Amino acid sequence: MDHPLKDITIIGGGPAGLFALFYAGMRGASAQIVDALPELGGQLTALYPEKFIFDVAGYAQVLAKDLVKSLKEQAARFNEPAHLGQAVTGLEERDGHFVLHTRKGDYPTKSIIIAAGIGAFSPRRLPQVCAEPWYGRGIYDVVTDPLEYKGQRVVIVGGGDSAFDWATQLRGVATHVALVHRSDRFRAHGATVAQFEEDVKAGRASMFTFHEIADVLCRPAGERFTHLVLKQVKTKATTEFEADVVLPMLGFVSDIGPIADWGLTLQKDEIVVNQLMETGRAGIWAAGDVTMYPGKLKLIACGFGEAATAVNQAVHWMYPEKKVAPGHSSNMAVFGQKDD
Ligand SMILES: Cc1cc2nc3c(=O)[nH]c(=O)nc-3n(C[C@H](O)[C@H](O)[C@H](O)COP(=O)(O)OP(=O)(O)OC[C@H]3O[C@@H](n4cnc5c(N)ncnc54)[C@H](O)[C@@H]3O)c2cc1C
C-alpha cells in the first residue's frame, strides 16, 4: 500500500521520535512515525514500562509508561499517524523524494529523521532447538488477546516485568499459569512478584525457579503439544508438566538492520551526526540514542533536544522561507497564542 507523501517521516516511535512528531506539527510540517514495535514508546514501553524515571525535565519522577502516554498526548494534537508493527526495510529515491519500504507498505517522504534508538526490536526466542517447531502452534512470543488463553494451561518463561505482568494477568483467564525461570532472581516490580508468589502459595499458580524447558512432548501425537519437560538447571533433574501454551518473555534483541546500508557514516551501530543532526546524506537527519557525536549522552532529555534540532533543520531545508529558529511556542498561533 502506498501512503500519501509527507514532509517528514520519523523512523522510530521512542521518546525522540514521538517528540519529533509533535515538533513537526508545531512547525507546520506533515509527518508520520513508522515503528517496528506494535506499540509506541521504544525502550520505555518494551523494556521498562513500570520503572520510574527521575531525570526528565519537569517531572520529579514519572513511570516510563506514563511518560510515553504524555508524549503520545502531546503528539496527538496534530493528528499525524504512527504506522506500527512494521520495520523499515528499504529506502529509495523516486521522483525527487524518498520512499521508505516496510513489509506492509511504501511511505513517500520529502525528508527523514532516523530516531531508531538501538535498532528494531524483536522478541528474544527460546534458545532450545526443541521449541522451534512449535512457534505459532502453542509457543507465542507476543500476547495479542489474553482471552485466547481462556481454559488453557499456560507456561510463561522469564523473570522480568513482562513475565510477571502476564503471569498475574492471565491467572484469571487461563486454567493454570506456571512461571519458569532459570534463576531465583527477578527483574520485575516487587509488588507484582509478591502478588504472583501469593497465587503460588494459594495453589492457584506454579513457579519453577532454576528451571528451563528441556523438551516439548505431544501425547498422543498430534498438532499441539501436551507436556513440557522441565530441567532443574543445577541438579539436571527433569519433571514433566502439562501445558497447552508457552509464552517466552525473554526480552528483546535489537538490530539497526538496513539503515546500515544507506550510505551514512556509522560507528558500531550508531549514526555519526554533526551539531545540526545531519547524517551526511541530504534530507536525512537523526536524533536520540542512534546518534553519535563528541559528548553524546544516551538520555531521554538529550534525545528531545536532538529531535527539535533535527525537525527545525529539516523544515528549513524543505521550505527555505521558514526560519530554522522556531520562535516560542508560548507565542504561537498554532496553539491559539499571539505575540505579547
Ligand atoms: C532499563 C532502562 C532504564 C533507563 N532509564 C533511563 C532513565 O532513567 N533516564 C534516561 O534519560 N534514559 C533512560 N534509559 C535510556 C532511554 O530509554 C533511551 O535513551 C531512550 O529510550 C532513547 O530514545 P530513542 O527514541 O532514541 O530510542 P528508543 O527508545 O530505542 O526507540 C527507538 C524506536 O525505533 C524503532 N526502530 C528501530 N529501527 C527501526 C526500523 N528499522 N524500522 C522501524 N522502527 C525502528 C524501535 O522499534 C524503537 O521503538 C533507560 C534505558 C533502559 C534500557
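The values are calculated or read from the model by the stated rules, or taken from the named source; none is laboratory data. No experiment lies behind these values; they were computed from the predicted model shown. Because the Cβ atoms are built from the backbone with ideal geometry, glycine has one as well, and the counts that use them run over all protein chains shown.
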Pairs with Cβ under 8 Å, 6+ apart, first in the range 100-115 and farther than 12 Å from Gln32 by Cα and polar (S, T, N, Q), second assigned to a strand (DSSP E or B) and within 11 Å of the ligand (Cβ to nearest atom): Thr102/Val34; Thr102/His83
For the range 283-303, the count of residues that are over 14 Å from Ile118 (Cβ atoms), touching a residue at least 12 places away in the same chain (Cβ under 8 Å) and more than 9 Å from the ligand (Cβ to nearest atom) equals 4
For the range 88-174, please list each of the strands (runs of 3 or more DSSP E) lying entirely inside it that holds at least 1 residues being in contact with a Ser or Thr (Cβ under 6 Å, 6 or more places away or on another chain). 97-101, 106-114, 120-123, 153-157
Looking at this structure, is Tyr107 within 16 Å of the ligand (Cβ to nearest atom) and buried (at least 17 other Cβ atoms within 10 Å of the Cβ)? yes
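Yes/no matrix, rows are residues, columns are (1) at pLDDT 95 or above; (2) surrounded by 13 or more Cβ atoms within 10 Å (Cβ to Cβ); (3) hydroxyl-bearing (Ser, Thr, Tyr); (4) within 20 Å of Tyr48 (Cα to Cα):
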position: Arg153; (1), (2), (3), (4): yes, yes, no, no
position: Asp165; (1), (2), (3), (4): no, yes, no, yes
position: Val180; (1), (2), (3), (4): yes, yes, no, no
position: Phe186; (1), (2), (3), (4): yes, yes, no, yes
position: Val193; (1), (2), (3), (4): yes, yes, no, yes
position: Ser206; (1), (2), (3), (4): yes, yes, yes, no
position: Gly222; (1), (2), (3), (4): no, no, no, no
What are the residue pairs meeting all of these: first residue in the range 133-157, first residue closer than 15 Å to Leu250 by Cβ and in contact (Cβ under 8 Å) with a residue 12 or more places away in the chain, second residue part of a loop (DSSP other than H, G, I, E, B) and of a type in the set (Phe, Trp, Tyr), Cβ atoms under 9 Å, and 6 or more apart or on different chains? Ile139/Phe225
Could you please give the count of residues in the range 57-68 that are more than 8 Å from the ligand (Cβ to nearest atom) and either surrounded by 15 or more Cβ atoms within 10 Å (Cβ to Cβ) or modelled with pLDDT under 95 (or both)? 6
Search result, residues across the range 32-56 that are near the ligand (Cβ under 7 Å from one of its atoms) and over 23 Å from Glu80 (Cβ atoms): Leu47, Tyr48, Lys51, Ile53, Phe54, Asp55
Those residues of the range 243-263 which are among the hydrophobic types (A, V, I, L, M, F, W, C) and either away from the ligand (no atom under 15 Å from the Cβ) or in contact (Cβ under 8 Å) with a residue 40 or more places away in the chain (or both) amount to Ala243, Val245, Val246, Leu247, Met249, Leu250, Phe252, Val253, Ile256, Ile259, Trp262
Which condition from (1) buried (at least 24 other Cβ atoms within 10 Å of the Cβ); (2) part of a loop (DSSP other than H, G, I, E, B) is the one that Ala16 breaks? (2)
